[in-house]
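One structure follows; several queries about it will come next.
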Amino acid sequence: MTACQKDEANKVDFYNLGTEFLISSDGLTSLDNSATVTIDNQQKNLSSLSVTLLNNSDEDGNVLSDSQKDLGTIDLTDGSGSMTLTNADLGISKIDYSASLQFVGSYDGKTITRYKTITVADPISIEAPDITHRTDTVFHVLFSVEPVTETVDGVTVETKVGSAGTYAALTGPFNTTDSIEVKGTDYNVGDTIFVKVTGTAGTKSATSVAKVPIAPYSFSNVETFTLDTTSNQAYDLMKTRYVNTTAAGDSADVQFTAAYPVVGGGPVHVGFNALNNAQLVKGSADDYTNADMAAIEATDFSGSTTSAPDVAAGDVYIFRTKRGTGDYMYGVLKVTAVNKPQGILEDSSIEIEYKY
């Protein structure tokens, strides 16, 4: 300690703080038969502590029993001691069940009381990545079976698709820390894989289930454009630009069309044609929302069309196009607006958004 004046440093009153002890535990899982609590009395002036079970409760906090139970005494040597408490001592063995303990000691005629709660943990952890519906990646679902003190005798893994599916066991053997491989395109977008891991230790077993959804592997690029009655105007889907059909060659992919269904009257029908190497297949709202690469590229274009003469807002078309003999580019487009002011052909247009 320091002081402004020398004699002030001697005017300090000292107090005997008595004693303190800390309680720690190595934990308890549903595969373990017991838990150990350890005492650290740093002042090393306690000789023993009495241990009492105050109550235990279930996973919802409902008290199972509040009849206090004497669990014995922990003898301390040089400030340290421990006690191993069995499932029967604690009255708990299921995941998230808890036991509240009281520890009481005495020093210099004063009683010191501390408390500790032991909760049964899940010995199994499962970690799944975000699995997408892509062809070029194998994903790994990681899992571990880790009781605190017991030795794991065996691990099994089962999977099923959807809550109504039937579990099937995967070929092992599996280690206590291991993984399984999942390829997104082995499933459908929107599927949920249930992964069930079971571990055994002696006469005990524990099971944990993880839900792993298959998400679309979506196109990342989004563009918008408008088609109207501008003469010779088309749109290049690959280079995201307007082009003139008279000079664009096969880079002109889609062009506006409009017509009256009956000569001299009737509502205007507006749409677009796919030009050159571009092909169209009618799709759904889900096709556009998901914009899943694997599903789009697996589309059957054998019955494709090059004409969508009467479109409405919300219409979706899967497309592909290429330049010369090069590879196809795939994507999906949606009509976002159709403009037919007072049925005037010259002022009509359509607005399109597409993902590729």
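Bear in mind these aren't lab numbers, they're just calculated from the coordinates by the rules spelled out. Values in this document were obtained by computation on a predicted structure and should not be read as measured data. Every residue, glycine as well, gets a Cβ built from its backbone with ideal geometry; the counts of neighbours run over all protein chains shown.
Note the full-extension length gain between Asp347 and Lys110 as 0.36 nm times their separation in residues minus their Cα-Cα distance, in nm to one decimal.
Working: separation 237, 0.36 × 237 = 85.32 nm, distance 9.45 nm.
This chain segment gains 75.9 nm when fully extended.
Then there is this: Measure out, as a whole number of angstrom, how far apart the alpha-carbon centroids of segment 313-356 and segment 32-97 sit.
Between the Cα centres of segment 313-356 and segment 32-97 lies a distance of 71 Å.
What percent does the relative contact order of segment 222-355 come to when contacts are Cα pairs within less than 8 Å and at least six residues apart? All intermediate terms of the calculation are to be shown ahead of the outcome.
On the way: 307 pairs, mean separation 36.5, N = 134.
Relative contact order comes out at 27 percent.
Would you mind putting 292-305, 59-72, 29-42 in packing order, based on average other-beta-carbon counts within 10 Å, highest first?
Per-residue mean Cβ counts within 10 Å order the peptides as 29-42, 292-305, 59-72.
Extension gain Thr151-Asp310, at 0.36 nm per residue separation less the Cα-Cα distance, in nm?
Details: separation 159, 0.36 × 159 = 57.24 nm, distance 6.95 nm.
Taking Thr151 through Asp310 to full extension adds about 50.3 nm, to one decimal.
Cross-link partners among lysines for Lys211, C-alpha distance below 25 Å, same-chain residues fewer than 8 apart left out?
Lys94, Lys160, Lys183, Lys196
May I ask you to list the aspartates and glutamates whose Cα is less than 15 Å away from that of Lys340, ignoring any residue fewer than eight positions away on the same chain?
Asp228, Asp310, Glu351
Net charge around Thr149, counting only other residues with Cβ within less than 13 Å of its Cβ (Lys, Arg = +1; Asp, Glu = -1)? Could the numbers behind the result be given before it?
Details: positive: Lys204; negative: Asp26, Asp32, Glu146, Glu150.
Taking every other residue near Thr149 into account, the sum is -3.
Give the percent of DSSP beta bridges with both residues in the chain that are antiparallel, rounded to the nearest 5. Numbers along the way, then the final one.
On the way: 108 of 112 bridges.
Bridges in the chain are about 95 percent antiparallel.
Just want the ordering: Tyr260, Tyr187, from fewest to most Cβ atoms lying within 10 Å of their own Cβ.
Numbers: Tyr260 13, Tyr187 17.
Exposure proxy ranking, most exposed first: Tyr260, Tyr187.
Please state the relative contact order of the chain as a whole percent: Cα pairs under 8 Å, 6+ residues apart? Provide the component values of the computation, followed by the final result.
Details: 841 pairs, mean separation 40.8, N = 356.
Over the chain, the number comes to 11 percent.
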